[in-house]
1. With contacts defined as alpha carbon pairs under 8 Å and 6 or more residues apart, what's the relative contact order of the range 226-327 in percent?
2. Report, by chain and number, residues whose modeled amide H sits under 5 Å from the one on residue 140, excluding near sequence neighbours (fewer than 5 apart, same chain).
3. Using modelled backbone amide H atoms (1.01 Å from N, in-plane), which distant-in-sequence or interchain residues come within less than 5 Å of residue 45's amide H?
4. With each pseudo-label sitting 7 Å past Cα toward Cβ, what's the residue 81-residue 403 distance in nm, one decimal?
5. Could you give P(r) for the range 21-156, binned at 5 Å from zero, as whole percent values over all Cα-Cα pairs?
6. Given points 7 Å out from each Cα along the Cα-Cβ axis, report the residue 270 to residue 71 separation in nanometres with one decimal.
7. Neighbouring Cβ atoms within 10 Å as the yardstick, rank 327, 188 fewest first.
8. So which lysines can residue 407 reach, going by Cα to Cα under 24 Å and dropping same-chain residues fewer than 8 places off?
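Any read-out appearing in this document is the output of simple, stated calculations on the displayed coordinates, not a laboratory observation. Note that this is a predicted model, so its numbers are computed, not measured. Glycine gets a Cβ as well: all are built from the backbone with ideal geometry, and neighbour counts include every protein chain shown.
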Amino acid sequence: MESGYSDNLYMPASLDKIVGNSGVTTRLRLFATDTDKGVARTPLMLHGPSGVGKSVSAHLLAAERGWNVVELNASDYRDKETVERMLLTAASSRSIFGKRNLILLDEVDELFRDDKGAASAIGAVISSAKNPIILIANDMWDQRISFLRGKVEAIEFRKLAKDDLVKVLIDFCEAKSYHATKENMEAFAAMANGDARSAINDLYAAIGSKDDVSEVMGIRDRHIDVFSMLDKLFMANTMSASLRAVSNSDLTNDMLIKWIEENIPNRYSQTEDLARAFSMLAESSSYATKAMRAQYYTYWRYMKVLMSAGVSLSKGSYPSTAKRYAFPRIIKELSASKAERRKSDSIAERLQGRLHSSTKRIIRSEMPIILLMIKKAAEAGDDEDSITEQLAKSYRMDEDEAAYLIKRVGI
């Protein structure tokens with residue numbers, strides 16, 4: 001992955017800022033140099049897991065050489081006619097400004113899940129191309145793209161080591177003028193499991209949060225990998241890709257809807273896109289409710305499609321914004337409510353021996369009286385220290401418990 005970032009959240013300013021995957025930059029530049037000299041080069045296949053810089057590297061190479069990028073992204077170009085119309089001419093000619101075209105096929109392993117002649121068209125483009133071609137795949141060994149083996153030069157991108165991820169985050173913060181401690185960056189790097197995009201998302205969310213970083217990290221669950229799921233959902237342009245994104249998540253259906261709802265405005269900016277996406281999500285929520293009320297879980301099929309493909313295909317174009325993902329407000333509200341309940345239970349347990357009553361009765365009947373007593377003491381002129389001392393003597397409360405009750409009164 002890369003460091004030294006431009007205005008794009010994930011895009012570094014230069015190909016020189018690549019961290020990890022040593023040797024990749026050299027091979028990419030040799031490919032470009034030979035191409036510009038007129039040396040025939042086999043197309044490149046950049047392959048490896050998500051979030052390690054494959055697509056970014058291709059775009060940076062094109063920017064460095066002054067090439068125009070002609071890109072087919074994801075899997076909505078499956079038929080032969082579309083591929084030929086978009087690529088055949090671009091593969092053998094210059095742009096209208098005289099620049100060389102770079103043919104970039106991103107997520108090519110997704111391209112052929114429902115192939116309708118695209119494979120043969122891609123083969124024809126490779127055979128006739130006079131311009132450079134770069135293909136990108138997560139899994140080069142997917143049987144659907146086995147026809148490409150022998151026709152491409154493979155360059156593998158591996159997961160980044162923790163130390164490399166820390167370098168990415170340090171440079172990211174320096175470029176964006178953000179502040180984060182080395183300790184926090186190391187923690188996010190450890191959670192990211194080699195995925196630089198995920199590490200940047202986590203750090204970006206923590207920097208933008210009003211909460212303590214440790215709280216944000218506590219909410220974030222790497223097994224759920226919710227930021228990665230949201231990336232795949234909002235960037236997908238096929239039903240299968242978006243449906244896979246939510247189906248592979250460990251989140252409950254209810255929480256999936258809440259995460260998507262909170263973040264639609266962070267990826268879609270056009271009024272029409274927002275309206276369609278929220279309409280699809282509302283319909284999804286209604287099927288979730290029907291499933292629970294009728295105990296008929298076949299409704300979940302419609303719910304999943306609407307929350308994934310319905311939302312993803314609502315966009316008129318790829319999201320151009322790079323706003324940080326937001327944690328659903330309901331998560332923080334529930335978290336705060338749970339913390340308050342724990343504190344109330346703790347105080348009630350301490351008071352049991354003194355009041356000889358159940359914790360439920362103390363919380364329901366006795367604690368309101370204690371709160372009223374605190375309020376009256378404050379109105380009579382007692383300060384916080386005096387009230388804390390009284391609570392310690394009368395009910396054996398510690399300072400934290402007393403401070404909690406005083407805060408509830410609003411002193």
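1. 39
2. 48
3. Hits under the 5 Å cutoff: 135, 153, 154, 155.
4. It works out to 7.0 nm between the two label points.
5. Cα pair-distance distribution for the range 21-156, in percent: 2, 10, 22, 25, 21, 13, 5, 1.
6. For residue 270 paired with residue 71, the spin-label model returns 1.7 nm.
7. Placing the least packed residue first, the sequence is 327, 188.
8. Cα-Cα hits under 24 Å: 210, 332, 338, 343, 360, 375, 376, 393.
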